[in-house]
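To start, the structure under review is shown below, and the notes come after it.
What follows draws every value from the coordinates through simple rules; no lab data is involved. Here the structure is a predicted model, which is why all the values come from computation and not from measurement. Heads up, the Cβs are rebuilt from the backbone with ideal geometry, glycines too, and the neighbour counts pull from every protein chain shown.
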Amino acid sequence: MHRLELTDLNKTFRNKTAVRDISVSLEHGVYGLLGENGAGKTTLMRMLCGILEPTSGTILCDGIPIRQLGGDYRMLLGYLPQDFGYYKEFTALRFLHYMAALKALPEEYAHSRIEELLELVDLTAERKHRLKTFSGGMIRRIGIAQALLNDPEILMLDEPTSGLDPGERVRFRNIISSLGKNRLVLLSTHIVSDVEYIADRILLMKDGSLLHAGDESLLLSKAAGCVWKCLVPEAQVELLERQRLIGNLRHHGPEVELRIISAEKPWPEAEPAEVTLEDAYLYCIKYTGRRR
Amino acid sequence: MNRHKNPNRKRTADKKGFRLTQSIQYSDHALKSMFTAADALLPIDETRRAGTCRLLQHEFRSRTVRPLQDNRLLFVSLLRYTDRHLPCLHLLGCIAMLLMLLTMSLYFPTPQDAGVMVFASMTLPCFLVFFSVFEFRQICFAGMGELSKTCFFHIRQLAALSMIFSGILNLIAVSAAIILVGRQWKIRLLHLGLYVLVPFLFMQCVCFGCMLLEKIRRHTWLCAAFLLPAAVFCLAAFQRPALYTESALFFWAAALFAGIVIFAGEMKLLFAKLDKGEILCTDWN
């Protein structure tokens, strides 16, 4: 098992700071990386994978800078980018063989591993189909397969479940969850429920900074007492939407059931509700951290 | 994981019955600064430090037992599965260029046609540069770059491999063109070599210069729009008869040297940018 240590990590592109002052240690287990679009999740992942060079700060793997480890570090790594390029004329089988060659896997090992992974991602029947004929979900699945080719001890997945249907999502959640037992999995997603089900620890990013790093209960405790449920007349909804952060809205005849995240009681008849991860996420994003 | 937790420590009752209650609160940052300040006073033996780093790396390697292919087999399997469309097109391009020169030699066989043939042998190899650029572009900027930078066989190595392959192919084709034209029209090979290599290198510099510019790199058509005027300029510039006298040879040699220096500089910049990684993934969030 390996340990990644990030110290004062910064990344600036021209005049935009994508990641600022991130210091955190990652060990084995599944880490859910949450944040809005543009929060810096992908940049952070790319730096952890060695794709991008940090503007300042260090990333150590077991105490050694990852740049210094070079190929040794990349041997440990499995990465699924948010949008990955592929040669459209390649069949699924050839693409995986090509990736296995890039990962320096021996031919025999690659053969058996590819068959195993095609089975895992349910693409055995399409193994000889060209990638250009694949749907978005199928491409995602082939992407997950290539990330797992070298049985990585550090697995970085950028939006792995986007584009997958609910059944596939559940299946992948279980796969990722089981992978996290004895390796480090960093999973970036917009889907809070994915993180809720499988992540041991949650990293919450906003405007390039890390707002929270810890387990779910700690994040939930931040929003404790700030989640309310109430039934309001439809005419009042717009006003409340302007004043408060609405987590959910559901119509019940002439009235609307609202789930409101607010430090104060937002409506006279509002009742406190149990905090979910989604509420805590919204609370932290709205009320904590910095704005650029 | 909770890095924000502040340690509260209470000391109570020493042996003399003197009660001391002290609450010390340090933030992580303050503690870190204190450790850094204390560490700064320690003398560091650079030799021992390097030795420890080597030991750590050895330890790291011994723990990462992974099936790894040897270099020869790795190269073979890479060649087996890599995309061969563009290299094959490149090869066809080289053959087509030589065939064109051969066909022209049938239509312009007399010594008076030497000028036409020299100009043709200067122009046609320039088109081979496009294949080199497209091969490089496909490896680095067609979306696979980001993924292959996380693999054992690195993007830098892939790009270098592509450059070496297309370079060898181009050199063979250009050398064949020089020998073919030089022999038939009795032109000194050294002179003809300079005449052919200078515009070839000029186009190579323009093409790889385009690869350094973000906007042009991303759009094939913008790239072509830049290259076409460069090619026309090149053709127009080399049509002056004064350039082909003995005394102008120094100019050709100087131009070739400058071209080599510029090209090497561009390559260094491009590979440095590949290492930095930003050109492999332009969306920054």
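Both radii were evaluated on the Cα set of segment A:4-220; the Rg over Rh quotient, with Rh as the Kirkwood radius, amounts to 0.96.
Label separation (B:Val261 vs B:Ile164): 2.8 nm, computed from points 7 Å beyond Cα along the C-beta direction.
3J(HN,Hα) couplings calculated from phi for segment A:83-99 with the Karplus curve 6.51 cos²θ - 1.76 cosθ + 1.60 (θ = phi - 60°) are, in sequence order, 10, 10, x, 7, 7, 4, 7, 6, 7, 4, 5, 5, 4, 5, 5, 5, 5 Hz; Gly and Pro show x. Annotation: amide H of A:Asn150 has no partner in the under-5 Å range at sequence separation 5 or more or interchain, hydrogens built in the peptide plane.
Against chain A, whose longest principal axis is taken from its Cα atoms, helix A:107-120 shows a tilt of about 30°. Under a 5 Å amide H cut-off, with hydrogens placed 1.01 Å from N, A:Val227 pairs with A:Ser262, A:Ala273 among residues at least 5 apart or on other chains.
Taking only DSSP H segments of four or more residues, each worth -39500 (n - 2.57), what value at 222 nm results for chain A once the sum is divided by all its residues, to the nearest 500 deg cm²/dmol? Write down the numbers at each step before the final one.
Values: 11 runs with 105 residues, N = 292.
Theoretical 222 nm ellipticity from helices: -10500 deg cm²/dmol.
Shielding of peptide A:57-66 by partners, expressed as the average count of other chain Cβ atoms within 10 Å per residue Cβ, is 2. With label points built 7 Å along Cα→Cβ from the Cα atoms of B:Phe233 and A:Thr58, find their separation and express it in nm. It is 4.7 nm. Taking the centroid of alpha carbons for each part, segment A:103-141 and segment A:222-238 are 47 Å apart. Among the residues of A:248-256, the average count of other protein chain beta-carbon atoms within 10 Å of the residue beta-carbon is 0. On full extension, the segment bounded by B:Ser33 and B:Val76 gains 10.2 nm, given 0.36 nm per residue less the C-alpha separation. Computed from backbone phi with θ = phi - 60° and the Karplus coefficients 6.51, -1.76 and 1.60, the 3J(HN,Hα) list for segment B:241-249 is x, 4, 6, 9, 8, 4, 5, 7, 4 Hz; x is used for glycine and proline.
Put a plus charge on the Cβ of each Lys and Arg, a minus charge on the Cβ of each Asp and Glu, and nothing anywhere else: the dipole of segment A:4-220 about its Cα centre is then about 720 debye. In the structure shown, do any of A:Lys41/B:Lys215; A:Lys206/A:Lys286; A:Lys11/A:Lys41; A:Lys103/B:Lys276; A:Lys88/A:Lys128 have a Cα-Cα gap over 18 Å, and if so which? Correct reply: A:Lys41/B:Lys215; A:Lys103/B:Lys276. Here the protein assembly as shown is treated as a Stokes sphere of Kirkwood radius computed over C-alpha pairs; at 10 °C and 1.306 mPa s its diffusion coefficient rounds to 56 µm²/s. In this Cβ point-charge picture (+1 for Lys and Arg, -1 for Asp and Glu), the protein assembly as shown has a dipole of about 1360 debye about its Cα centre.
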